[in-house]
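Okay, structure first, notes after.
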């Protein structure tokens, strides 16, 4: 991952490697298209327990190279634009890095029960403190009484 500095900056460490398959073709509208699959085994920090989390990241992508935003606006909704220079050159590693970044989870966390220090099978509803004061607990009863008086 060291060859992908933007992605590496979001990870726990820059170890590991990414693999990808990339295919160039033209679609029914005679537009150039890049389709591919990128995958990487990455390490993030779990946002629940703050311990390392290994994640197998796999993203599929279908891109249409465009040279300006006006060209991108003319694409159908199902086409993802890929901004390229006027010479049409693009670094494959940049495409793969971008797609892996987009595939990162919004909040990285272990699967349920997988966090260090988390009690297995813990149900948060059982851990509620029933002795805690609830200042608005009687509000429903007061409103019910007042609504009953206004209907009379």
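Rg(Cα) of the range 5-103 divided by 2.2 N^0.38 Å?
So the Cα radius of gyration is 1.26 times the expected 2.2 N^0.38 Å.
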Margin query: Quick check on the chain: helices-only [θ] at 222 nm, where DSSP H runs of length 4 and up contribute -39,500 (n - 2.57) each and the sum goes over total residues. Nearest 500, please.
Written below: -6000 deg cm²/dmol
Note to self: If packing is taken as the average number of other Cβ atoms within 10 Å across a peptide's residues, how do 32-41, 77-86, 53-62 rank, most packed first?
What the structure shows: 32-41, 53-62, 77-86
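I want the antiparallel fraction of DSSP beta bridges within the chain, as a percent rounded to 5.
Rounded to the nearest five, the antiparallel share is 85 percent.
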Notebook entry, point to check: Using the alpha-carbon atoms, what tilt in degrees (0 to 90, nearest 10) does helix 92-103 show relative to the longest principal axis of the chain?
Noted result: 10
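Can you bin the range 53-103 into rounded, prolate or oblate? Criterion: square roots of the alpha carbon gyration tensor eigenvalues sorted a ≥ b ≥ c, rounded for a/c under 1.5, prolate for a/b above b/c, oblate for the rest.
oblate
Any read-out appearing in this document is the output of simple, stated calculations on the displayed coordinates, not a laboratory observation. Note that the coordinates shown come from a computational prediction; the quantities given were computed from them, not determined experimentally. Neighbour counts are summed over all protein chains in view; Cβ atoms, including those assigned to glycine, are modelled from backbone coordinates with ideal geometry.
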